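These notes concern the structure reproduced below.
Each value in this text was obtained by applying a stated rule to the coordinates, not by laboratory testing. Fair warning: this is a prediction, and the values are worked out from it, not measured in the lab. Heads up, the Cβs are rebuilt from the backbone with ideal geometry, glycines too, and the neighbour counts pull from every protein chain shown.
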Amino acid sequence: MNTMNQTMPGFTLIEILFVIALMGSLFVFLLPSYLDFNDRELARSEARTLADGIRRTFEYATGGVQNDSSHTLFYQFSLIHNEADPAGEYRGYAINTLDSSKSVQTSDLDKNEFSCNVCLTGSENLVNVRVPSGIIEDVSSFPVTYSVCFPGQGSYGVTLNRSGGVTLSGFSENTCSCNLLGC
């Protein structure tokens with residue numbers, strides 16, 4: 001009986017090495033795309049959070065939650081800025097209540113700080129919404145625009161119009177940069 005002519009079922013070393021090389025090259029080309037997708041999704045999530053914060057400010061102001069003893073005349077949407085950060089770059093937002101002299105009554109009624117990878121820029125860093133009418137005051141021009149930037153990737157835009165409508169725009173691949181310190 002000659003056992004030399006019989007072949008064993010299975011793969012050769014060359015076939016296995018070829019499959020490993022093919023998988024490795026796919027990994028090398030697809031991983032950066034996957035990571036970019038995750039970065040964009042993080043920026044989109046933060047942009048949605050910003051838009052929801054602006055909407056919530058209007059809901060507080062127009063929701064009729066005031067009572068006779070309340071002295072809240074405004075709800076204020078403000079961007080959070082750390083003193084160490086460059087001017088015009090923000091980390092998140094806060095919603096405050098204001099009295100008739102526009103002094104803060106309750107700070108950080110609602111607050112959200114974004115991940116360190118993302119920063120905000122905006123045409124207005126404060127928006128005051130009158131109770132209960134929802135009229136926006138102390139804004140220099142409309143629409144108020146915000147940009148949620150993921151450095152090196154691009155940004156999403158959030159726009160507030162005069163009547164309180166908030167829109168989230170698509171992703172822009174225009175390069176933006178953040179220099180937030182302490183992250």
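Put in line by how crowded their Cβ is, counting other Cβ atoms within 10 Å and starting with the fewest, 176, 116, 149 read 116, 176, 149.
For a Förster distance of 41 Å, can you work out the FRET efficiency between the beta-carbons of residue 116 and residue 11, rounded to the nearest 0.05? The computed FRET efficiency comes out at 0.30. For the range 100-183, the alpha-carbon radius of gyration amounts to 1.26 times the rule-of-thumb value 2.2 N^0.38 Å expected for a compact globular protein. Computed from Cα positions, the angle between helix 13-62 and the longest principal axis of the chain comes to roughly 10 degrees.
Amide H contacts of residue 119: 149, each under 5 Å away and 5 or more positions distant or on a separate chain (H built 1.01 Å from N in the peptide plane; Pro and chain starts excluded). Applying both filters, DSSP loop and at most 15 other Cβ atoms within 10 Å, to the GluC sites (Glu not before Pro) of the range 77-130 gives 83.
Looking at the square roots a ≥ b ≥ c of the eigenvalues of the Cα gyration tensor of the range 33-183, which shape do they give, rounded for a/c under 1.5, prolate if a/b is larger than b/c, or oblate? Prolate is the answer for the range 33-183, as a/c is 1.5 or above and a/b outweighs b/c. Couplings for the range 105-110, taken from phi via the Karplus curve 6.51 cos²θ - 1.76 cosθ + 1.60 with θ = phi - 60°, read 8, 10, 8, 6, 4, 9 Hz in order; Gly and Pro are left as x.
Simple rule: put +1 on each Lys or Arg Cβ and -1 on each Asp or Glu Cβ in the range 35-172, find the dipole, and look at 146, 126, 170; the Cα lying farthest toward the positive end is 170. Per residue, the chain reaches -10000 deg cm²/dmol at 222 nm when only DSSP H runs of four or more residues are counted, each adding -39500 (n - 2.57). Across the options 136, 94, 53, the greatest Cα extent toward the positive end of the charge dipole of the range 35-172 (unit charges at beta carbon of Lys, Arg, Asp, Glu) belongs to 136.
Taken about its Cα centre, the chain carries a charge dipole of about 300 debye when Lys and Arg each add +1 at the Cβ and Asp and Glu each add -1 at the Cβ. Based on Cα contacts under 8 Å between residues 6+ apart, the range 52-173 shows a relative contact order of 21 percent.
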